[in-house]
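A short worksheet on the structure shown next.
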């Protein structure tokens, strides 16, 4: 984020006039804004974008409608504390309007599995071909466990390991969540599991790994909309 460093005189002073005490204000504006903008214009722009009436913002910071209107038009120089309260309120309202990010927004629908009856060489080829570090293991279309590259490497290192079957080194299945599961809860699951399976009405729809989550975010805030 860019930082706009403004120097504001005390609240109530005119927008023009002689020199007075000047207080630095650090103002963080949205990413993507290439030019530094006047903080008062930015406050009004964000208020209007959020659909917040002038009176609501004025009441939130303990000022009259007329005072805030004059501040937005640059007729009054607000104090450092007041600008911070204005920005804090706008940030709070912007956070409330961030869409809820769900698992469906980050899942990988091109899920690759391996049969429990497959040999470890087949599993290794499938893992290598897709650059996967883990695979869900299925049996007659039903998920019965998982296979990690660590377990596969250890088994292949043993004599005749390549001819062994996946079922012989089967690991626990990954947890399953619904497509509407909040994405901001995924990091907690990833602390214990390398992947999460995604279902809809009991049908397997895809998989989410840490890499999928990173790719899916694309800079989106990982935040849920607070409930009323």
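The values are calculated or read from the model by the stated rules, or taken from the named source; none is laboratory data. Because the structure is predicted, anything quoted here is derived from the model rather than measured. Here the Cβ is made from the backbone with ideal geometry for all residues, glycine too, and neighbour counts use every protein chain on show.
Annotations
- Residue in the range 97-105 that is under 30 Å from residue 210 (Cα atoms), in a strand (DSSP E or B) and in contact with a helix residue (DSSP H, G or I) (Cβ under 9 Å, 6 or more places away or on another chain) present: yes
- Odd one out for residue 91 among (1) part of a helix (DSSP H, G or I); (2) in contact with a helix residue (DSSP H, G or I) (Cβ under 7 Å, 6 or more places away or on another chain): (2)
- With respect to the conditions (1) touching a residue at least 24 places away in the same chain (Cβ under 8 Å); (2) out of contact with any helix residue (DSSP H, G or I) (no Cβ under 9 Å at 6 or more places or on another chain); (3) over 22 Å from residue 193 (Cβ atoms), residue 140 falls short on a single one, namely (1).
- Within the range 137-147, the presence of a residue that is within 17 Å of residue 108 (Cα to Cα), in the same structural domain as residue 121 (by TED's automatic domain parsing) and assigned to a loop (DSSP other than H, G, I, E, B) is excluded.
- Failed item in (1) touching a helix residue (DSSP H, G or I) at 6+ places or on another chain (Cβ under 9 Å); (2) assigned to a helix (DSSP H, G or I), with residue 188 passing the rest: (1)
- When 189, 170, 217 are screened for being at pLDDT below 85 and either surrounded by 14 or more Cβ atoms within 10 Å (Cβ to Cβ) or assigned by TED's automatic domain parsing to the domain that holds residue 131 (or both), only 217 passes.
- The set of residues from the range 148-166 being over 19 Å from residue 130 (Cα atoms) and either modelled with pLDDT of 95 or more or assigned to a strand (DSSP E or B) (or both) comprises just one member, 165.
Quick grid of which residues meet (1) modelled with pLDDT of 95 or more; (2) closer than 30 Å to residue 146 by Cα; (3) surrounded by fewer than 14 Cβ atoms within 10 Å (Cβ to Cβ):
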site: 46; (1), (2), (3): no, no, no
site: 51; (1), (2), (3): no, no, yes
site: 83; (1), (2), (3): no, no, no
site: 104; (1), (2), (3): no, yes, no
site: 112; (1), (2), (3): no, yes, yes
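- Residues in the range 86-95 include none that are in contact with a strand residue (DSSP E or B) (Cβ under 8 Å, 6 or more places away or on another chain) and at pLDDT below 80.
- Within the range 53-81, the set of residues being surrounded by 15 or more Cβ atoms within 10 Å (Cβ to Cβ), touching a residue at least 24 places away in the same chain (Cβ under 8 Å) and outside any helix (DSSP H, G or I) comprises 61, 76, 77, 78, 79.
- So residue 141, is it under 20 Å from residue 165 (Cβ atoms), more than 22 Å from the chain's Cα centre (by Cα) and at pLDDT below 85: yes
- Check on residue 121, closer than 30 Å to residue 49 by Cα and at pLDDT below 95: no
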